[in-house]
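Input: a single structure, listed below in structure tokens.
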Amino acid sequence: MAKLQINNVDVITETGGVATIVSATKFPVGHVIQVTDLATTSTAVTIYNSWTAIGLSQSITPSSSSSKILVLCQISMQQYRDGYETFGGIKLLRGSTNIFMGTMYESVMEAGLSNSSRTFLSSMNPVLYVDTGHSAGSTNTYSIQGYAGAGQCTYQTNSTLSSMLLMEIQT
């Protein structure tokens with residue numbers, strides 16, 4: 001067994017080729033403690049005038065209540081409607097609690113009509129959020145829901161990729 005010590009305090013121990021950071025070790029502010037991620041290409045269609053899960057959900061178990069969770073998402077969205085403008089939105093939840101919601105009008109599209117009298121827009125939509133209201137020591141699940149206020153919003157159309165990255169940051 002080997003040990004790495006600073007000022008006679010164990011920081012890392014090694015047994016059988018496996019290194020373990022001692023649980024009392026405190027990392028400097030801004031240090032990334034852990035990362036979880038998810039990517040999906042599964043198509044999801046929102047229901048008119050209703051928030052709908054789009055298949056982007058990931059969990060993390062923070063080690064400390066004082067740490068922050070940085071949530072980074074990139075969401076592939078396609079809007080479509082015959083004849084008029086279309087709009088939709090996205091929101092971030094921790095469990096069942098809404099912690100970030102752009103307005104339903106954040107993806108407003110008013111475009112000229114095509115030859116077949118329809119409007120259409122494909123976009124990549126970022127979500128960047130720092131969460132300080134998480135529960136330490138228990139699993140926190142973050143998910144994205146989509147909304148179609150007019151027309152139709154489809155997520156991950158034609159196998160486009162949406163992703164979510166969760167990082168626990170030392171404070």
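The values are calculated or read from the model by the stated rules, or taken from the named source; none is laboratory data. Note that the coordinates shown come from a computational prediction; the quantities given were computed from them, not determined experimentally. Glycine also receives a Cβ, built like all others from the backbone with ideal geometry; neighbour counts cover every protein chain displayed. Areas reflect the complete protein model, heavy atoms only, side chains present, ligands, DNA and RNA absent. Shrake-Rupley method; radii C 1.70, N 1.55, O 1.52, S 1.80 Å.
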Fill in the blank from the handout: Flagged pairs (Cβ under 8 angstrom, 6 or more apart or on separate chains; first in the range 61-72, open to solvent by 50 Å² or more (accessible area, probe 1.4 Å); second of a type in the set (Asp, Glu)) are Ser63/Glu168; Lys68/Asp131; Lys68/Glu168
Exercise for the section: Only one of these is under 28 Å from Glu168 (Cβ atoms), open to solvent by 70 Å² or more (accessible area, probe 1.4 Å) and either at pLDDT 90 or above or within 15 Å of the chain's Cα centre (by Cα) (or both): Met124, Met77. Name it. Expected result: Met124
Problem - Of all residues in the range 133-150 being open to solvent by less than 40 Å² (accessible area, probe 1.4 Å) and closer than 21 Å to Ser42 by Cβ, the one that is farthest from the chain's Cα centre (by Cα) - result: Ala148
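Every residue, every condition in (1) more than 18 Å from Leu93 (Cα to Cα); (2) of a type in the set (Ser, Thr, Tyr); (3) outside any loop (DSSP other than H, G, I, E, B); (4) in contact with a helix residue (DSSP H, G or I) (Cβ under 8 Å, 6 or more places away or on another chain), yes or no:
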residue: Thr20; (1), (2), (3), (4): yes, yes, yes, no
residue: Ser23; (1), (2), (3), (4): yes, yes, no, no
residue: Lys26; (1), (2), (3), (4): yes, no, no, no
residue: Val29; (1), (2), (3), (4): yes, no, no, no
residue: Thr36; (1), (2), (3), (4): no, yes, yes, no
residue: Thr52; (1), (2), (3), (4): no, yes, yes, no
residue: Gly55; (1), (2), (3), (4): no, no, yes, no
Practice task
Test Leu165 against the criterion of being modelled with pLDDT of 90 or more, out of contact with any Leu (no Cβ under 8 Å at 6 or more places or on another chain) and surrounded by 14 or more Cβ atoms within 10 Å (Cβ to Cβ), and give yes or no.
Solution key: no
Handout entry: Residues (open to solvent by less than 70 Å² (accessible area, probe 1.4 Å) and either among the aliphatic types (A, V, I, L, M) or in contact (Cβ under 8 Å) with a residue 40 or more places away in the chain (or both)) located in the range 19-30
Key = Val22, Phe27, Gly30
Fill in the blank from the handout: Reported set for the range 80-108 where residues are modelled with pLDDT of 90 or more and not in a strand (DSSP E or B) is Gly95, Ser96
